[in-house]
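Below is one structure, written out as C-alpha cells; the observations come after it.
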Amino acid sequence: MKPISFLNVPPSPSIDKVGVEERVARFQTRSIKDQSKMQGLKMVLNMIDLTTLEGKDTPGKVRQMCYKAQHLHDLHPGLPTVAAFCVYPSMVAIAKKELKNSNVKIASVSTAFPSGQAPKEVKLTDTKFAVDAGADEIDMVISRGKFLSGEYNYVFDEIAAIKEACGKARLKVILETGELATLDNVRRASDIAIYAGADFIKTSTGKIQPAATMQVTYTMLMAIRDYFDETGIMVGMKPAGGISTSKLALHNLVMVKEILGDPWLNNEWFRFGASSLANDVLMQILKTETGVYQSSDYFTID
Amino acid sequence: MAIENNTESWDYAPSLEGTSHIQLKKKYDLFIDGKWVKPKSGKYFASINPANEEVLAEVAHANKADVDLAVKAARKAYNNVWSKMAPSERAKYIYRIARLMQERAREFAVIESLDAGKTIRESRDIDVPLACNHFFYYAGWADKLEYAFPNRKVESLGVAGQIIPWNFPLLMAAWKIAPALATGNTVVLKPAETTSLTALKLAEIIEESGLPAGVVNIVTGFGDTGAAIVNHHDVNKIAFTGSTAVGKIIQKAIAGTHKKATLELGGKSANIIFDDAPIDQAVEGIVNGIFFNQGHVCCAGSRLFVQENIADKVIRKLKQRMDSLYVGNPLDKNTDIGAINSKEQLETINKYIQIGKNEGAEMYQPKCDIPKKGFYCAPTIFTNVAQSNVIAQEEIFGPVLTIQTFRTVDEVIQKANNSPYGLAAGVWTDKGSRIFNLTTKLRAGVIWANTYNKFDPTSPFGGYKESGFGREGGLHGLSGYVKLS
C-alpha cells in the first residue's frame, strides 16, 4: 500500500460557480415519471440515514426511531428499510441492541461533532468509543478552522488517523460545506478527505445552513468521479441536511446517475442524511400508487 | 424487507410533452395584407416532422407574383399607416405581440419541436422565451430612437425583405421582425421551407394583435421565393440569415441597387480551453457549444482547441459527458439531442463524417439508441485533427466537433483566426487578463468567456469576414433598419 501523505493529493481543479449552477439547473429539468419515479423513490428510502442528533435525545427516543427505521410504513407492505440509523456515540449501544436482527446499519457521529473543536486525542477516543459500542459507520467532521487557515496537512493527517481508529467501520467525512464558503474550498476539502482514506464524503452536519445544496453535492461528486478515474477506487457520497422533499432527492439521484453511473445508485455508495425526507417519500409512493395524496397525519413521526 | 444493493439500472421512463393543446391547420396560405390568401402559384408543399417523417401541414409556395403582392401590401402599409404612426403607438403593438406569444408559449414550443426537430427542453426554455424577449426589448426602443442615436435624425428605411433559416425558426423571425417594426419599417418575411409553421403561427398572433394590415407579411416557399424578395425593386432592405453561399448570391444580386443589407452567415467558431480553466465547466461548455440544437447553430463552437497538457483529460471527460446525453424523440423532456432538421442536412453531415474518417481523424460517438424512423445523428467528435483537414475548415452544421491541441497563446490565436469565418469564439481560463488579451485579438463578432452560446436581446450578434456583416440584437440591431442624417 502507498504511504498516505498530503503530498499525494493532486492539485484541485478550479470551479466556476456560474457554470456549476447552470449544470445543476439542467439536472433539475430531468423529468422522472411512472416506473422510474417509483423505482427512484424506493431507492431513496433505502438510501436514507435516519438521524437523530439532539442534545435532548434519550434511550426511549432512540428505541422508537430504531423501530421506525425497520418499519417505515407497515400499512404498505413491500417497502425497503432505511440504510442506517445515525446517532451520537452515547446512543450507539442502545441502537445496536434494537437493530441487531436487521439490515439497518448503525452510524455514529464522532470527533466532537458538530464543531470538531476538540484535541485530536479526544476525537480519537470519541471514535473508538463509538466503534467499540458497535457502530458500523463513523461520521466524522473535519477541522474547518484548520482548513480555512490553510493547514491542509493537519486536516489530512487527522482524517487519516480517524480512519485508522475506525478499524472495520466505514468512515464518512463531513466537510461542513456551509462553513467552507466557496466551491473551490469544497473541492479541495473533498480531495483531501478522499486521499486521506474517506469511504464516504458528506456535505454537512445538518447544524449549519446552507447544507446539501445541489451545487455542493455536484462539486463533491465530480471529486469522486476524478478519483475513480485516477485510481479505480469507489468513494461514497452523502448529502445531508436540507433535502426534505422527494423531488429534490430524485434530482440528487439524477446527478449521481449521470456523473458516477448506476454502480453508485445503492446504499453501499450513496446516502441521504435526512430526518424528514422519509415521510415525504412515503407520501409520494402512496400518491403514485393510489392517485391521491394522503394527509400527513397518516405517516408516523417518531 | 430491504432492497440490498440494488444492481439493476435506473432509466428514465419516457416523459413526452403533450401535443393535444396545439392547433395546426391542414393547409396554410400566405399571410399578405392582413389576410390569408391562396398562392397565385397554386402550389403547396409539405412540412414534415423530421423526428418521424410524418406530414404536419401543407404550406403555400409563393412565387414572384405572390411576393409582389406582399411587397405592395408592405409598401402601402408603410406609406399610409406605419411610418406615420406615433412611435409610442408602434411600441404598443410590438409589446402586444410579445404578450400574446408569451401566453401561447407552450403551443409555440411544441410546434417548434415538431417542425424543426429540436428538443422540447430547448424550444421551451430557450427559443420561445428568447423570441418573446426580443419583442419586449425592441418595443422599448420604438419611442427612444433619438436616444439610441443622439444628435442624429433617425428615419426608417421602408420595406424590409427578411429571409430566415431553419435552425431557430421562431427566434430568427423575432430577431428580424422586432427591430424592423420598432424603427418604423414594414416587413415581408420568408421562413425556411422546412420550418414554416411557427412563423405562420406568429402570423396568427400578429392578426390577433390588430397590427395594421400589411405591416408584416409572411410568404412561405423555397429559394425562388427568397430570390423574388431579394430582386424585388421596391424592397429597401434585405436582412438574411443563412449560409455563406447564399449570402454571396444575395450580395451579388443587390450590388448597384439602393438596397441596404445585413447578412448573418456561417461560422466555424473556435472554443479555446486553457490549462487553468475550470475543467468540468469547460467540458460542459464544449457540449453546449457544439451539441446545442443538434449543432445547427451558426456560432456553434465546432473547432475545439485544448491546451496540450490537459488534452487527454479534457477528451476523457468529454467522452464521459457524451455518454450521458440522450438522443431521441424531441418531445421527450429528457432528450438532450433531437432530430436533424431534414434529410438533406443529415446527408451533408454524414458526408462530412465520412470525409473526417477518410482524412484519418479519429472518431468517437457514444453508444446511443437512435430511433429507426426520422433523421438522427449521434454526437460525434474527431481527435487527431489538423488545421488542414476539411472537417476543421468547412461548416458542417451538425453535432460534429473537431479537436486540436495547442501549446502557446500565440499559436491558438493564429489558428483560431485562420478561417474565412469569424462569427464567434469561446475562451476558458481562470485568468481575467488572458480573457481580455484574447478578446482583442480574436477576429470574431461574439466572444464568450467561460461560457458558450449565451444569447440575450440586449446583446449584439453578428460576424466578421465571411460570417457576414451588420449586427442583430441590442442597440446595434437598430442600425440596420434606420437611415441616419
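The values are calculated or read from the model by the stated rules, or taken from the named source; none is laboratory data. Computed from a prediction, not measured in an experiment: that's the story for all the values here. Neighbour counts are summed over all protein chains in view; Cβ atoms, including those assigned to glycine, are modelled from backbone coordinates with ideal geometry. Ligands, DNA and RNA are stripped out before the accessible areas are found, and what is left, the full protein with its side chains, is counted by its heavy atoms. Shrake-Rupley method; radii C 1.70, N 1.55, O 1.52, S 1.80 Å.
From the largest down, the protein assembly as shown spans 93, 61, 54 angstrom on the principal axes of its Cα atoms. How much of A:His71 can a 1.4 Å solvent probe reach, expressed as accessible area in Å² and rounded to 10? Surface accessible to solvent at A:His71 totals approximately 60 Å².
Here the calculated FRET efficiency for B:Asn350 and B:Ala245, from their Cβ-Cβ distance with R0 = 22 Å, stands at 0.70, rounded to the nearest 0.05. With the cut-off at under 16 Å, measuring from each backbone N in segment A:90-106 to a point 7 Å along the Cα-to-Cβ line of A:Phe129 picks out A:90-95. Phi angles across segment B:303-315 convert, under the Karplus curve 6.51 cos²θ - 1.76 cosθ + 1.60 with θ = phi - 60°, into 3J(HN,Hα) values of 10, 9, 10, 10, 4, 4, 6, 10, 4, 4, 5, 4, 5 Hz, Gly and Pro given as x. Tell me the angle of helix B:64-77 to the major Cα principal axis of chain B, expressed in degrees between 0 and 90 and rounded to the nearest ten. So the inclination is approximately 70 degrees.
Converting phi to 3J(HN,Hα) with the Karplus coefficients 6.51, -1.76 and 1.60 and the offset θ = phi - 60°, segment B:25-35 yields 7, 6, 9, 10, 8, 8, 9, 10, 6, x, 10 Hz in sequence order, with x at every glycine or proline.
The chymotrypsin sites (Phe, Trp or Tyr not before Pro) of segment B:232-294 include none that DSSP puts in a loop with a beta carbon having at most 16 other beta carbons within 10 Å. Computed from Cα atoms, the angle from the helix B:169-182 axis to the main principal axis of chain B rounds to 40 degrees.
Here, P(r) means the percent of Cα pairs in each 10 Å bin from 0 to the largest distance; for chain B it is 4, 20, 29, 26, 15, 5, 1, 0, 0.
Amide H contacts for B:Phe406 (H built 1.01 Å from N in the peptide plane; partners 5 or more residues away or on another chain; cut-off under 5 Å): B:Val306, B:Gln307, B:Glu308. Of B:Arg434, A:Arg144, B:Arg124, the order by accessible heavy-atom surface (1.4 Å probe, DNA, RNA and ligands excluded), from most exposed downward, is B:Arg124, B:Arg434, A:Arg144. For A:Lys207, the aspartates and glutamates whose Cα falls under 13 Å of its own Cα, not counting residues fewer than eight places away in the same chain, are A:Glu54, A:Glu176, A:Glu179.
Between A:Thr290 and B:Ser388, the modelled labels are 7.4 nm apart [label points 7 Å from Cα along Cα→Cβ]. With Cα atoms defining each centre, segment A:4-45 and segment A:63-128 are spaced 26 Å apart in the structure. Taking the longest Cα principal axis of chain B as reference, the axis of helix B:343-358 is set at about 30 degrees.
Using heavy atoms of the protein chains and a probe of 1.4 Å, the accessible area assigned to B:Ile396 is about 10 Å². Here the spin labels are modelled as points 7 Å beyond Cα on the Cα-Cβ line, and at A:Ile301 and A:His76 they lie 1.9 nm apart. Going by Cα centres, segment A:237-283 and segment B:327-398 are how many Å apart? Between the Cα centres of segment A:237-283 and segment B:327-398 lies a distance of 35 Å. Taking other residues whose beta carbon is less than 9 angstrom from the beta carbon of B:Thr119, and scoring Lys, Arg as +1 and Asp, Glu as -1, yields +1. In a fully extended conformation the segment linking B:Arg99 and B:Asn309 would gain 70.5 nm over its present Cα-Cα distance, using 0.36 nm per residue. Using the 1.4 Å probe convention, the accessible area of segment A:6-298 works out to 38 Å² per residue with neighbouring protein chains retained. Among beta bridges from DSSP that stay inside chain B, the antiparallel ones total about 35%.
Spin-label model, A:Gln64/B:Ser324: points 7 Å from Cα along the beta carbon direction are separated by 4.0 nm.
Whole-Hz Karplus values for segment B:246-257 come out as 5, x, 5, 4, 4, 5, 5, 5, 9, 4, x, 9 Hz, taken residue by residue from phi with 6.51 cos²θ - 1.76 cosθ + 1.60 and θ = phi - 60°; glycine and proline positions read x. Computed from the Cβ-Cβ distance with R0 of 60 Å, the FRET efficiency linking A:Lys56 to B:Arg316 stands at 0.75. Across segment B:330-485, C-alpha contacts under 8 Å between residues 6 or more apart give a mean separation that, scaled by the residue count, equals a relative contact order of 14 percent. Between the C-alpha center of segment B:38-102 and that of segment B:448-476 there is a gap of 26 Å.
Between the amide H of B:Gly426 and those of B:Ala270, B:Asn271, B:Ile272, B:Trp448, distances stay under 5 Å, these residues lying 5 or more places away or on another chain, with hydrogens modeled in the peptide plane.
The trypsin sites (Lys or Arg not before Pro) of segment B:37-97 meeting both criteria, a DSSP state outside H, G, I, E and B (loop) and at most 16 other C-beta atoms within 10 angstrom of the site's C-beta, are B:Lys40, B:Lys43, B:Lys84.
In segment B:276-314, which residues become less accessible by 10 Å² or more once every protein chain is in place, relative to the chain on its own, using a 1.4 Å probe? So the qualifying set is B:Pro278, B:Ile279, B:Asp280, B:Gln281, B:Glu284, B:Asn288, B:Lys313.
Within the straight-line cut-off of under 24 Å between alpha carbons, the lysines reachable from B:Lys351 are B:Lys118, B:Lys248, B:Lys268, B:Lys319, B:Lys343, B:Lys367, B:Lys372, B:Lys373, sequence neighbours fewer than 8 places apart in one chain being disregarded.
Taking 0.36 nm per residue of separation and subtracting the Cα-Cα distance, full extension of the segment from B:Lys372 to B:Asn417 would add 12.2 nm. Within straight-line reach of B:Lys27, meaning a Cα separation under 15 Å, sit the following aspartates and glutamates at least 8 residues removed in sequence or on another chain: B:Glu54, B:Glu58, B:Asp115, B:Glu193, B:Glu204. Dipole magnitude for the protein assembly as shown: computed about the Cα centre from +1 point charges on Lys and Arg Cβ and -1 point charges on Asp and Glu Cβ, it is near 1860 debye.
Taking amide H as placed 1.01 Å from N in the peptide plane, B:Val187 has its amide H under 5 Å from the amide H of B:Ala160, B:Val216, B:Asn217, each at least 5 places away in sequence or on another chain.
The chymotrypsin sites (Phe, Trp or Tyr not before Pro) of segment B:45-127 include none that meets both criteria, a DSSP state outside H, G, I, E and B (loop) and at most 15 other C-beta atoms within 10 angstrom of the site's C-beta. If R0 is taken as 60 Å, the Cβ-Cβ distance between B:Asp11 and B:Ser485 corresponds to a FRET efficiency of 0.40.
Beyond a 21 Å Cα-Cα separation, which of these cross-linked pairs lie in this structure: B:Lys84/B:Lys144; B:Lys441/B:Lys465; A:Lys96/A:Lys128; B:Lys38/B:Lys260; B:Lys313/B:Lys441? As for pairs spanning more than 21 Å Cα to Cα, those are B:Lys38/B:Lys260; B:Lys313/B:Lys441.
Rounded to the nearest 20 debye, the dipole size of segment B:270-456 about its Cα centre is 120 debye, using +1 on the Cβ of Lys and Arg and -1 on the Cβ of Asp and Glu. For the set B:Arg407, B:Arg471, solvent exposure ranked by accessible area (probe 1.4 Å, protein chains only) runs largest to smallest as B:Arg407, B:Arg471.
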